[in-house]
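Just so it is clear, none of the values below were taken in a lab; they were calculated from the coordinates. In this text the structure is predicted, and so the values were computed from the model without any measurement. Heads up, the Cβs are rebuilt from the backbone with ideal geometry, glycines too, and the neighbour counts pull from every protein chain shown.
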Amino acid sequence: MTYCLGILSSSGLVMAADSRTNAGVDYISTHQKLFDFSNPGERVILICTAGNLSVTQGTLTLLRRDLIAKEEGTLHTLPSMYEVARYVGAKARQIQEQDRPWLEKDGIDFKCTFLVGGQVRGEDPALFLVYSQGNCIQASKETPFLQIGEAKYGKPILDRILDFDTPLEAAAKCALLSIDSTMKSNISVGPPINIVMYETNAFKIRYELKLSLGAPYLAQVRRLWEISLNEAFNRMPDIDWENYADFAGDVASID
């Protein structure tokens, strides 16, 4: 399993991913899931991957081969982020169709998803979720974040904290806490954590981190977050059982 996250902000873009993969409880390994395909000065292209590892790695290989061969339509030449996202989806379909008969024969799940974010010169930054079928959806001002992989544990903090106008630094911190919350609740998600913060119109990556297990900053964030959550919980008023006793009759009972 994995957890990847993209956040679109009025001032840029944040993308983050864990690095744990597993094929059962007795086979856990580390593979990078956040990749930089930028052409500095012209465009920034960031891709996160989740799902069948052989399919996602094969897709990335085809993307790199097209760049090396200077094909007509590549990550560095397509005119919009939407077309970049559709192109990534097409390459994923190509790998899936190639391997589908053999994967299906052994009952292996070959589905995968991608987050594709960045900025092409002449456009605003954009963020897309590319499905296994090759189609995609786009983040917006109303829905400024997208997730792939084990998304449920890290979603509550995003729902409560983020909006399109959240400062970029705060969005990056929120992304890190979202991943840490997921790691706390699901052992199939784990470090190293890769996180990138991109500022609108910079057209190059200035801020990126790789946080391994035991990294002092990661440990500090986890400790302070747990302390803060406990303090907030303790400030919540106790249940007033007497004043709300009238509602007791609404509870269904079995005779």
message: Can you give the longest run of the chain that contains no chymotrypsin sites (Phe, Trp or Tyr not before Pro) sitting in a DSSP loop with at most 11 other Cβ atoms inside 10 Å?
response: 28-240
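Subtracting the Cα-Cα distance from 0.36 nm times the residue separation, let me have the gained length for Lys141 to Arg206 in nm, one decimal. Write down the numbers at each step before the final one.
Numbers: separation 65, 0.36 × 65 = 23.40 nm, distance 2.39 nm.
Contour length minus Cα-Cα distance gives 21.0 nm.
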field: Gained length - Asp238 relative to His31, 0.36 nm times residue gap less alpha-carbon distance
entry: 70.0 nm
Non-local Lys pairs in the chain, i.e. 8 or more apart or on different chains, that have alpha carbons under 15 Å apart: 6
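So for each of 54-63, 6-15 I average, over its residues, the number of other beta carbons within 10 Å; can you give me the resulting order with the highest mean first?
6-15, 54-63
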- prompt: If amide H atoms are built 1.01 Å from N in the plane of the peptide, which residues on other chains or at least 5 residues away come under 5 Å of the amide H of Lys111?
  reply: Asn52
- prompt: Which GluC sites (Glu not before Pro) in the range 24-123 pass both tests, a DSSP loop state and at most 16 other beta-carbon atoms within 10 Å?
  reply: Glu42, Glu71, Glu72, Glu123
query: Using helices alone, what [θ] at 222 nm do you get for the chain, with -39,500 (n - 2.57) per DSSP H run of 4 or more residues, divided over all residues and rounded to the nearest 500?
result: -11500 deg cm²/dmol
- request: Could you work out the mean projected area of the convex hull around the alpha carbons of the range 170-250, in square nanometres to one decimal?
  value: 9.4
query: Given (i) 36, 24, 18; (ii) 31, 22, 18; (iii) 48, 22, 13 as candidate values of semi-axes √(5λ) of the Cα gyration tensor in Å, which corresponds to the one derived from the coordinates?
result: (i)
query: What are the trypsin sites (Lys or Arg not before Pro) within the range 50-102 that DSSP puts in a loop, where the Cβ has at most 16 other Cβ atoms within 10 Å?
result: Lys70
- prompt: What is the gain in length, in nm to one decimal, between Lys105 and Lys155 on full extension, counting 0.36 nm per residue of separation less the C-alpha to C-alpha distance?
  reply: 14.5 nm
- prompt: With the chain treated as a Gaussian network of Cα nodes joined by springs under 10 Å, which of Met81, Met236, Met183 yields the largest mean-square fluctuation?
  reply: Met236
message: Can you give me the long-range amide H partners of Ser38? Hydrogens built in the peptide plane at 1.01 Å from N, cutoff under 5 Å, separation of 5 or more residues or another chain.
response: Ile45
query: How big is the gap, in Å, between the Cα center of the range 50-124 and the Cα center of the range 156-232?
result: 26
